[in-house]
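Worksheet for the structure shown next.
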Amino acid sequence: MFYDTTPFTAENSGYRIAFRPGEQNVCPGCGQSHWTIGRMTAECAFCATALPINNGGSFGAGRFTVKSLAA
Ligand SMILES: [Zn+2]
C-alpha cells in the first residue's frame with residue numbers, strides 16, 4: 001500500500017474554485033450569478049452549487065489577536 005508522506009502545499013494544488021466577495025462570481029454548475037451567501041460558503045440560487053468563500057484567508061484557529069487597552 002502506498003502512503004503519500006509529502007506535506008500538503010496549497011500553492012502546488014492547482015486552481016481551487018471559490019466565491020470571492022465583491023466580485024462577479026459565475027456559478028460553475030449553471031453559469032448564473034445569483035448567490036445565497038452564508039458564513040463559510042456561498043450557494044447558487046439556481047442549482048445549489050456550494051462554493052467556499054475566499055475572503056483572504058483571515059479566519060481559522062490562532063488568527064485572533066488581543067489588543068491591550070493601555071491607558
Ligand atoms: Zn448554479
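Assorted remarks:
- Residues S68, S13, S33 arranged by fewest to most Cβ contacts within 10 Å: S68, S13, S33
- The fewest-to-most ranking of C47, C27 by surrounding Cβ atoms within 10 Å reads C47, C27.
- Residue order, fewest to most surrounding Cβ atoms within 10 angstrom, among R20, R39: R39, R20
Computed from the coordinates by the stated procedures, all read-outs in this text should not be read as laboratory data. Keep in mind that this is a model prediction, so the values were computed, not measured. FYI the Cβ positions are ideal-geometry reconstructions off the backbone, even for glycines, and counts take in every protein chain you see.
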